[in-house]
Amino acid sequence: MIYTLTVPGPIEDVDEVRVLEWHGPVGHEFAAGELIVELETHKALVEVRAGQSGILRQIVCAEGDWQAIGAPLAVLSDDPAEPLPASPDGLQRMAVEFEVS
């Protein structure tokens with residue numbers, strides 16, 4: 001199955017975040033609980049961890065870019081051979097855990 005990783009939220013008083021660092025290249029397989037990406041708000045760091053295992057297939061929002069809460073960050077899948085859709089819109093959201101510090 002193909003999933004979209006979106007900016008988690010809600011985060012109090014935050015409309016958008018900046019991508020600081022991806023913790024694996026396209027093709028990397030993440031285990032449940034593994035850190036996928038670090039985001040920053042104007043006041044805090046947000047760590048996004050995989051809520052399930054998956055393979056990073058496409059990065060939609062590059063390091064340094066800003067993205068709105070709920071908007072796509074990346075596309076992941078269970079199978080590296082599964083064809084990707086033309087757009088991440090409408091895909092099931094990947095389960096994530098996030099911590100604001």
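Rule-based calculations on the coordinates, nothing more; no lab input. Please read all numbers here as calculations on a predicted model, not as lab measurements. Counting neighbours? That spans all protein chains shown, and the Cβs are built from the backbone with ideal geometry, glycine included.
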Once amide hydrogens are built 1.01 Å from N within the peptide plane, the residues lying 5 or more places from Met94 or on another chain with amide H under 5 Å from its amide H are Thr4, Leu5, Thr6
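What size of dipole, in debye to the nearest 20, comes out for the range 1-94 about its Cα centre when the only charges are +1 on Lys and Arg C-beta atoms and -1 on Asp and Glu C-beta atoms? Working shown, then result.
Values: 5 positive and 16 negative charges, 26 e Å.
Using only the charged Cβ atoms, the result is roughly 120 debye.
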Candidates Glu29, Glu16, Glu82; GNM for the chain (alpha-carbon contacts under 10 Å) flags as most fluctuating Glu82
With Rh as the Kirkwood radius over Cα pairs, the range 30-101 has Rg/Rh of 0.95
Ranking Ala32, Gln58, Leu84 by how far each Cα lies towards the positive end of the charge dipole of the chain (+1 on Lys and Arg Cβ, -1 on Asp and Glu Cβ), the top one is Leu84
Taking placed amide H atoms and a strict 5 Å upper bound, the residues 5 or more places from Glu34 or on another chain that come that close are Ala50
Per GNM of the chain with C-alpha springs under 10 angstrom, the most fluctuating residue out of Pro80, Pro72, Pro88 is Pro80
Of all trypsin sites (Lys or Arg not before Pro) in the range 1-55, the ones in DSSP coil with at most 15 other Cβ atoms within 10 Å are Lys43
Relative contact order as a percentage, the range 1-79, C-alpha pairs under 8 Å and 6+ apart, gives 42 percent
Bridge orientation stat for the chain from DSSP, antiparallel percent rounded to 5, came to 95 percent
Bounding extents of the range 12-68 in its principal axis frame from Cα atoms, largest first in Å, are 32, 20, 14
